């Protein structure tokens, strides 16, 4: 159990590093995408947040959900 948990945490750390490097290289595209998502969400749901922050929260939520689905599927295979 400790080995499985350790491998999962190590993999998430490495993926986080690679994802960070990728996003840094494409930061303009990512910023434009998050601003678009944030502006769209502001049009649908009036939130008292900056559109860029709203887009970042939405992107983080989606990525966390996808990670959780894959984690759940790997644990209950």
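Here is how the numbers come out for the structure above:
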quantity	calculated
The chain: C-alpha gyration tensor shape, a/c 1.5 cut-off, then a/b vs b/c	oblate
Angle between the chain longest axis and helix 51-75 axis [Cα atoms, degrees, rounded to 10]	20 degrees
Degrees separating the helix 27-44 axis from the principal Cα axis of the chain, which is the longest one	70 degrees
Sites residue 14 and residue 52 - FRET efficiency at Förster radius 25 Å, r taken between beta-carbons, to 0.05	0.35
Shape call, the range 1-43: gyration tensor on alpha carbons, a/c limit 1.5	oblate
Degrees separating the helix 2-25 axis from the principal Cα axis of the chain, which is the longest one	30 degrees
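Where a number appears in this text, it was derived from the coordinates with a stated rule and is not lab data. What you see is a predicted model, and the numbers here were worked out from it, not measured in a lab. When we count neighbours, we look across all protein chains shown, and the Cβ atoms used for this are built from the backbone with ideal geometry, even at glycine.
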